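Here the structure is laid out as structure tokens; the discussion comes afterwards.
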2 protein chains.
Amino acid sequence: MIRHIVLFRFRDELDAAQVAEAIASFRALQEKIPEVRAFEDGTNVSPEGLAHGFTHAFLLDFEDAAARDAYLHHPAHKAFVAYIQPRLDKALVFDWVAG
Amino acid sequence: MIRHIVLFRFRDELDAAQVAEAIASFRALQEKIPEVRAFEDGTNVSPEGLAHGFTHAFLLDFEDAAARDAYLHHPAHKAFVAYIQPRLDKALVFDWVAG
């Protein structure tokens, strides 16, 4: 299984509704892209102050690298990336093989 | 449940054995600190080039924030932090409430 963690910091000028819409758009990929086996997200609740300014985390699971690649190349993901990029201050993506 | 993601980039001068020792030390916390419900780790296999230089990820699960806090304040964790900090180029920690 491939774990795919994505961390976002949204641009400061986005209001709460725009942030909520962006999160909903990301969550919607679960229905559009069958390779997404699991999806969870949340805001930072760490007291350690080591989040490097990131505010939102998204953890997706894929069967294997081929499924993760199919996700990355899926039209719905490409459309999401085009939609989200102008709304982000920064993003981090890290994948690892779990289990 | 609290998800606790930790990303490391080790100092360049560490050799493979020293990196392996550091990873083993982190993994050993599972046996030393009962609040750790799950632990997994891996190196970056993302093709997206958005890992900001981080090379190793560690995902820990805790029952709740109190368990995460007990982990953070546990002597074994404090000893690990003192041990690992000089070996790191940088670290990121992000926690979120999952499920």
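Laid out as a table, the results:
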quantity: Conditions (1) within 12 Å of chain B (Cβ to nearest Cβ); (2) in a helix (DSSP H, G or I); (3) under 12 Å from the mean Cα position of the chain (by Cα); number of the one not met by residue A:68; calculated: (3)
quantity: Residue in the range A:78-96 that is away from every other protein chain (no Cβ under 14 Å) and in contact with a Lys or Arg (Cβ under 7 Å, 6 or more places away or on another chain) present; calculated: yes
quantity: Subset of the range B:30-39 [part of a helix (DSSP H, G or I) and out of contact with any helix residue (DSSP H, G or I) (no Cβ under 6 Å at 6 or more places or on another chain)]; calculated: B:30, B:31
quantity: Residues satisfying the stated conditions in the range A:68-99, i.e. touching a strand residue (DSSP E or B) at 6+ places or on another chain (Cβ under 7 Å), crowded, with 16+ Cβ neighbours inside 10 Å and within 23 Å of residue B:54 (Cα to Cα); calculated: A:68, A:71, A:91, A:92, A:93, A:94, A:95, A:96
quantity: Some residue of the range B:74-91 being touching a Gly at 6+ places or on another chain (Cβ under 6 Å) and at pLDDT 95 or above; calculated: no
quantity: Residue selected from the range B:31-57 under the condition more than 9 Å from chain A (Cβ to nearest Cβ) and hydrophobic (A, V, I, L, M, F, W, C), by the criterion surrounded by the fewest Cβ atoms within 10 Å (Cβ to Cβ); calculated: B:38
quantity: Pair list, Cβ under 7 Å, 6 or more apart: the range B:8-25 residue in a helix (DSSP H, G or I), other residue at pLDDT 95 or above and among the aromatic types (Phe, Trp, Tyr); calculated: B:19/B:10; B:22/B:10; B:25/B:80; B:25/B:83
quantity: Qualifying residue in the range A:56-65 (condition: in contact with a Lys or Arg (Cβ under 8 Å, 6 or more places away or on another chain) and among the aromatic types (Phe, Trp, Tyr)); calculated: yes
quantity: Filter result (more than 25 Å from residue B:58 (Cβ to Cβ) and free of Cβ contacts under 8 Å to residues at least 24 places away in the same chain) within the range A:69-85; calculated: A:73, A:75, A:78, A:79, A:81, A:82, A:85
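The values are calculated or read from the model by the stated rules, or taken from the named source; none is laboratory data. A quick note: this is a predicted structure, and the numbers were derived from the prediction, not measured. Neighbour counts run over all protein chains shown; Cβ positions are idealised from the backbone, glycine included.
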